[in-house]
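Trainee: Quick one: this structure, given as structure tokens, is what I'll be asking you about.
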Amino acid sequence: QVQLVESGGGLVQPGGSLRLSCAASGIVFSVFDMGWYRQAPGKQRELVARITHSSTTNYADSVKGRFTISRDNAKNMVYMEMNSLKPEDTAVYYCNGRLISREYWGQGTQVTVSS
């Protein structure tokens, strides 16, 4: 059974930081490309950051320089460090794992940026 379990969301003030974590099980984690997506109310789900199985990263323009994605294959974990958070970063953040035609999602974790 494949599971992606996110944690680390919460309420933070503008300019603050959060670290999201995603624990993967039931897959050969090291061969999967992993990513973080987000969905704000009334908007489509969008890619925030992706890290390939070989640790190549790419980011949405809106988060470049503020967010950092990383992975630990020994622990089957993917992380996203989020700094200089803005109110427009408020969304449910989802962990995603992809290998060719196989794709898995976590249940999401809420991030709210508000004063």
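Trainee: Among 101, 17, 30, which one moves the most in a GNM of the chain with springs linking Cα atoms closer than 10 Å?
Mentor: 101
Trainee: Another question, then. To the nearest 10 Å², what's residue 89's accessible area with a 1.4 Å probe?
Mentor: Surface open to solvent at residue 89 totals about 0 Å².
Trainee: Okay, next question. Using alpha carbon centroids, what distance separates the stretch 22-51 and the stretch 73-90, in Å?
Mentor: 11
Trainee: Taking the inverse of the average 1/r across all pairs of different Cα atoms in the chain, what Kirkwood radius in Å do you get?
Mentor: Taking the inverse mean of 1/r over all distinct Cα pairs, the chain comes out at 14.0 Å.
Trainee: Where does each of 18, 85 land when they are ordered by accessible area, with a 1.4 Å probe and the largest first?
Mentor: Listed by decreasing accessible area, they come as 18, 85.
Trainee: Next question. In a shell of Cβ-Cβ distance under 10 Å around residue 81, excluding residue 81 itself, what net charge do Lys and Arg (+1) and Asp and Glu (-1) give?
Mentor: Charge balance in the 10 Å sphere: +2.
Trainee: Sticking with this one: Using square roots of five times the C-alpha gyration tensor eigenvalues, list the equivalent-ellipsoid semi-axes of the stretch 54-115 in whole Å, biggest first.
Mentor: They are 23, 15, 12 Å, listed from largest to smallest.
Trainee: Also, quick follow-up: Among DSSP beta bridges lying fully in the chain, give the percent that are antiparallel, nearest 5.
Mentor: Around 95 percent antiparallel, to the nearest 5.
Trainee: Mean separation of Cα pairs under 8 Å and 6+ residues apart, divided by the residue count of the chain: what relative contact order is that in percent?
Mentor: Normalised by residue count, the contact order of the chain is 36 percent.
The values are calculated or read from the model by the stated rules, or taken from the named source; none is laboratory data. Bear in mind that the values here come from a model prediction, so they are computed numbers and not experimental data. Here the Cβ is made from the backbone with ideal geometry for all residues, glycine too, and neighbour counts use every protein chain on show. The accessibility values were calculated without ligands, DNA or RNA, using every heavy atom of the protein model including side chains. Shrake-Rupley method; radii C 1.70, N 1.55, O 1.52, S 1.80 Å.
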